[in-house]
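As structure tokens, the structure follows; a few thoughts come after it.
The values are calculated or read from the model by the stated rules, or taken from the named source; none is laboratory data. Note that the structure is a prediction, hence the values are computed from the model and not measured. Virtual Cβ from ideal backbone geometry, glycine too; neighbours counted across all protein chains shown.
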Amino acid sequence: MNNHYSSIIESVACFLSKNQNVKVILNGYSDINGGSEYNIALGQRRANSVYEIMRILGVNDTQMEIISFGKEKFHKSSDTLENDLARNRRVDIIIQH
């Protein structure tokens, strides 16, 4: 995992461990390659990875929820397909109050 993303996950985990009343939704995504079922599972695995890291860092299981969108919410945001594919291989951390 990229160090930049590791530091973001660590910062969110630190915040959550200090604020037990705050919850997050971990939304997993994939690019458009492959079938829908495969990509839902891939998005789930991505979100599970973030979940496990945050759990190890002290976040309570009850503070986290996982949702996988797979390729169903593919976001086109750049001028090249390669950049869009890369940007859609992600987990969004949605903080809820």
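Residue count for the range 1-15, restricted to those that are polar (S, T, N, Q) and at pLDDT 95 or above: 1.
Selection over the range 1-31 of residues that are of a type in the set (Asp, Glu) and under 16 Å from Arg46 (Cβ atoms) gives a count of 1. Scanning the range 16-32 for residues that are under 14 Å from the mean Cα position of the chain (by Cα) and small (Gly, Ala, Ser), we see that the one that is modelled with the lowest pLDDT is Ser30.
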